[in-house]
Structure formats: C-alpha cells, structure tokens
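Report on one structure; see the data block that follows.
Please treat every number below as a calculation from the coordinates, not as lab data. On a predicted model such as this, the values are computed, not experimentally measured, just so you know. For neighbour counting, all protein chains shown are included, and Cβ atoms are generated from backbone atoms with ideal geometry for every residue, glycine included.
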Amino acid sequence: MQTAKFQSSNDAGVLSANQGSVSGNAVASSTGPSGLPEATKQLAKSQLERVGKYITGFCAALVVLVVVSLIFLVAQHGLSTFFVDGINPIAFFTGDTWNPHNTGADGMPLVGALPMIVGSFSVTLLSCVIVIPFALGAAIFAVEINPTLGSKILRPALELLTGIPSVVFGLIGLMVLVPWVRSWAGGTGYGILAGSLVLAVMVLPTVTSLAIDALESVPATYRQSSYALGATRWQTIWHIVLRAALPGLLTAIVLGMARAFGEALAVQMVIGNAAIIPSSLTTPAATLTSILTMSMGNEAMGTVYNDVLWSLALVLLVMSLVFILIVHLIGRKSVSNNAQ
Amino acid sequence: MQGQAVQCPPAQAESSEPHLETQEYMENAGAFTLKDVSVSYSGETAVAGVSADLKAKEVTALIGPSGCGKSTILRCLNRMNDMFPGVEVGGNILLDGVDIVSGGIDPITLRMRVGMVFQQPSVFPLSIYDNIAYGPRLLGGKSQDLDELVEDCLRKAAIWDEVKDELKESALGLSGGQQQRLCIARALATKPEVLLMDEPCSALDPLSTERIEDTILELRGEMTFVIVTHNMQQAHRVSDTTLFMLRETMERPAELVEYGPTDQIFNDPKDQRTADYLAGAFG
C-alpha cells in the first residue's frame, strides 16, 4: 500500500491514469492547469490527489476481489462434490479407484483421488530430495567458494533456466528422460521418476537463486568471527553460515515444493497419466494437475465428474495456501529471533 | 580465505610445534616482533616499513587517523588478511620467535592463539553458551569441561552475573555492550595468548566502554592485548605502549611514525606529527 500511495502523489502517474479514464478530455486536462489561477491550481491538485487515491485504491481492491472470488469459485464447485453430489469426503480422499463415469458397489461414482494425491506428493517430495543437494551445493559454491564465477556464470545460467517455458522441459523429459528410464527400468519409462527429474530441473533455478540470496544475507561478520576463532572454511559454512541462513534456505525449499506441486504441463508429458496408485517409481502414475489438465475440457459443467475435478483443484489451492503459510511462519519466526 | 595471499605449507607448520614446548616460549607467550612489515592491496602498497616490538602480557594501542593502516596491521597479526583476495604481506612478523608471515604456523592454529574482537559486536545467532563453546568445540572439547570453561570465560569478560540464568537463550537478545563482552568471552574460550581488538568500543555507549576497558585492565598480565582505537583517551587509559601510524598522502603508503611507552607518546612525543595529532590538529 505504501507504494500505491506514493504513486498517487506522483503527478505524472495521476495524469496519465486520468487520461486513461476520461480519454475524450485527455488533451484539455493536460493543457489546462498551466493557464489557470493559483486557487484553481490548488483545487486541481487536490482533485488529482483524490482521483489518484481512488484509482490506486480500485486497483488494490480489484486484486483482493480476484483472489477472494477465485477461492470462492473453486471452493463452491469443489465442495459441491460433497454437499450436492453426496460423495463421501472419506471416499474421495482415501478411495484408490478413479473412474467417475462408472459407479461402485455403493452406487456412487468412483472418484477416489488418492492416486493423484499420492502422485502429486511423490513427485514433489522426490524432486525436492533430488534438488536440495544440488541447489545447496551450487549456492555454497557461488557465495562461499567462488563469488566471481557465481555471479558471472551461475547467476545468468539460473536466470536463463528460470525463463525456459515448462513445455520445453516436458519435451526434453519426453525425448530424453523417458527413453533413458525405459532403457534400464523396462516398461514404458513414464512415471514418478521421470516426472520428478523433470520437476527437479525446473525447480532447481528457483531453489538455487533463493538459497544464494539466503546465504548472501548472512552477515560477513559471522564468517570473520568464525575464522578469527580458528575455524576452517568448512566449519564456518557448516556451523555458522548454513545455520544462520536456515530460515531462508527452508523458504527456498518450500517455494520450490510449491512450484513442483503446482506444475502441470511438464509433468503431464512424462508421468504417464494413469490414475492408479503407483507400484514403483517407473510405472505410469498421475498427479492432481495432470488429471485436471487431461480431463477438464471433456466434462460438462455440473456433472459429478466436473465437480470432482474442481475438488482436485481445491486440494491444489489449499496446498498452495499451506505452502505460503509455511513460508510466512518461517519468516515470522526468523524475524522474532532477530528482534529478541 | 581465498588462499592467494599467503601460502602456508603444512610441513612447515609442524616444525613450529616443538618450539611451543620450550621454557622460553612459556615465559614470553604472546610477544610480537614486527620487522619491516608492509601490506599491499592488489599491488598497491597501503602500509610499509612497520617495525615494532609488542611486549607479551602488556596492552599495546595502535592509534592514528582513519585510513592509516591500523586495522590492516592488526589483521596481519592473526592473518585475517588472508580472507581478502589480493592482499600481500611483506616483511616478518614473529610470534614468540616464529615467523607467521612466511608460514611458520598455520592460520588455524595461529587464530586459536591470537584471538580477535571486532568493531561491531558479532555474536553468532546461537545461544550464549554455544557462542562461547564454539571455539573449543572446533577442537573437540568435552561437554563437562565446557561448562566450566564457559563460566570461566564469561566471568573473565565480566558478563557472567548478567547472563548466568539465560545461557541457553539466543545471544542476539543481549544489548550491544553485552554482546561485545560476549565476543570477548568467546575469544577467551580458545585460551589465546594474544587478544586483538579492532575498535572494540566504537559502537558502544560510555558505560559499556568503561566495562570493556576494565576487563582489559583486569586481564592484562594474563595475555597480550593489541587494541586499535580512535579514542585517544582510551589508548591513554588502557595501554602500556602506543604506536602512532599515519598516511600523509595517498601517494605514499602509511607508516609507523613512532612508538614507545604510552606516557611518553602522550606527554613527550618525539615526532612533531604525533604532537599535532594528539593536540587535535588533524585526523
């Protein structure tokens, strides 16, 4: 809100915004003030202030409105699975059969989402396990070992990697990783492992960049004091730098997980999209996102199938809120530690 | 710790060990001899021709205007300059007869023997106890010995009574003055023979400053102190010997103008530049 207020007092910003809202009078309003008497100028200025306040306030309100209505919409559709269609939430969260067009023994559609929930958490956790050592190692190298190479080569490489569209990662996964997995694991090569590897590469730049920021924010005095006590570089990194940077490093990992959990396209291309609980890392599986993107276009609004897809979306939304909550809790804890 | 500055072959470090055992070492533990010491940053000489004796178990103050190389010389004494790329140290610095510049001792051992307290209180984001125990633990200290050591160090730094009930609390919760005394206690925990202090009181209020000066005066006789200070009254109050350094122009490196007993430097300086500086003519 601070920046919004600041911008509203910026004449140029207000004027241009004004021109946008009353486009017909744009010429008149931009030439007018210079020829007017002092009192009118003052009035015009205070009017500008007010208009600016309204415009920026409107923008802020719009953002909040979009977020709230988005949550409301997803929740409304997602919850109607349980309240309108009468699906038992337990059956949804623990059922292992996903076949919404058919009904089970109890006469209810088979909408067990457990395979996708398991799939989503598996690829997220596995990709994190893969990515953490590499991200941490790269960040330590870039900050502690060789800052020159870190800023000249690693940083630009990370920025480039962040900008690559996810479909490109998916394509590479499809053409390289899936055949590679197939070559030694047999089967089709699609599955959790291929999905996790693709996600790991996608998440790597995010986690590494944030980890670099976290390590860089550790005061140089900590390192100096540690060296001055006779610590080696590795003792300093291990006992002091990593420890001091822990909140930032955890945030990096959680944000990486959030991204992995929500990624749809690249995963969908390599995971196999079989809505069954995976028996191994190299057999086809599915995630919440992959089933959503595969099915959403094919089901009519208001059907049970459609509602259940919304429920999957609701699970995704809630999980992303949980990830953000975790990041905030970490941030608050580290702030209160420092403020003590 | 870029390693380019001063090379130290480990083989030579071992040769210094027998020396530690001799009686002579025990008697003058912590005496520095500087012979024609110079320091250059990326090829540009910042300090040159510093020769002085820093006596064991005494307090030596380095004074002079900003940029005169006091801190640079101080950081040579525990090889903290190694941390900065492009720094080269010339001449000889002998710690109890062993040259630390040419690699007579490895920097890790040296820094255990020559502790350092910085300008800004820089406690680790750990508990008070863990801050003190950090140095000894690097050597593999036992936990029951540690309790005693922690108490001993905190007492010496005159902060035990204030923190004895909150040893497990974060050290970041202490005030600036307490943090600086904790830093002193932390430096004492590796049982150093020398304690270097780089303007230890410049970030502190007068009361905290006084307590730190009291600590220095109490511990004098147990170990050698080398203190860089902007505060000439402080140098006068705590030091036995004073070194006055000056960089007259940026074209020439800083030099040691004169050094001697503190009373003589302050009351009867031999060099006119020292007299001018002490009279407040510049700097």
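General remarks:
- A simple charge model with +1 on the Cβ of Lys and Arg, -1 on the Cβ of Asp and Glu and nothing else charged puts the dipole of chain B at about 420 debye relative to its Cα centre.
- For the peptide A:216-228, the mean number of other protein chain Cβ atoms found within 10 angstrom of a residue's Cβ is 6.
- The 3J(HN,Hα) values that the Karplus relation (6.51, -1.76, 1.60; θ = phi - 60°) gives for the range B:45-59 are, in residue order, 6, 9, 9, 9, x, 8, 10, 6, 10, 9, 6, 5, 6, 10, 9 Hz. Gly and Pro appear as x.
- What the phi angles of the range A:77-89 give under the Karplus curve with 6.51, -1.76 and 1.60, with θ = phi - 60°, is a coupling list of 5, x, 7, 5, 3, 8, 8, 9, 7, x, 6, 6, x Hz, glycine and proline written as x.
- Residues whose amide H comes within less than 5 Å of that of residue B:47, counting only those at least five positions distant or on another chain, are B:39, B:254 (H built at 1.01 Å from N in the peptide plane).
- Among A:210, A:52, B:76 the positive-end extreme of the charge dipole of the protein assembly as shown (Cβ point charges): A:52
- Estimated 222 nm signal from helices in chain B, with DSSP H stretches of n ≥ 4 weighted -39500 (n - 2.57), rounded to 500: -10500 deg cm²/dmol
- Per-residue Cβ neighbour counts within 10 Å put B:277, A:305 in the sequence A:305, B:277, beginning with the fewest.
- Over all other residues within a Cβ to Cβ distance under 13 Å of residue B:156, the charged ones net out to -1, with Lys and Arg as +1 and Asp and Glu as -1.
- If R0 is taken as 35 Å, the Cβ-Cβ distance between residue B:267 and residue B:44 corresponds to a FRET efficiency of 0.45.
- Most fluctuating residue given options A:57, A:302, A:187, as computed from a GNM of chain A linking Cα atoms under 10 Å: A:57
- Springs between Cα atoms under 10 Å define the GNM used for chain B, and in it the highest mean-square fluctuation of B:139, B:246, B:204 occurs at B:139.
- For residue B:91, the residues 5 or more places off, or on other chains, whose built amide H falls under 5 Å of its own are B:38.
- Chain B: most fluctuating residue of B:270, B:191, B:57 per GNM, C-alpha cutoff 10 Å: B:270
- Of B:100, A:164, the sequence from fewest to most neighbouring Cβ atoms within 10 angstrom is A:164, B:100.
- Residues whose amide H comes within less than 5 Å of that of residue B:61, counting only those at least five positions distant or on another chain, are B:227, B:240, B:241, B:242, B:243 (H built at 1.01 Å from N in the peptide plane).
- Near residue A:140: Cβ cut-off under 15 Å, other residues only, Lys/Arg at +1 and Asp/Glu at -1. The net charge is +1.
- If you take all other residues with their beta carbon under 11 Å from the beta carbon of residue B:50, and give Lys and Arg +1 and Asp and Glu -1, the sum is 0.
- Ascending count of other beta-carbon atoms within 10 Å, so fewest first, for A:66, B:87: A:66, B:87
- Phi angles of the range A:283-294 translate, via the Karplus equation with coefficients 6.51, -1.76, 1.60 and θ = phi - 60°, into HN-Hα couplings of 10, x, 9, 8, 10, 3, 5, 5, 5, 4, 5, 5 Hz per residue; Gly and Pro are given as x.
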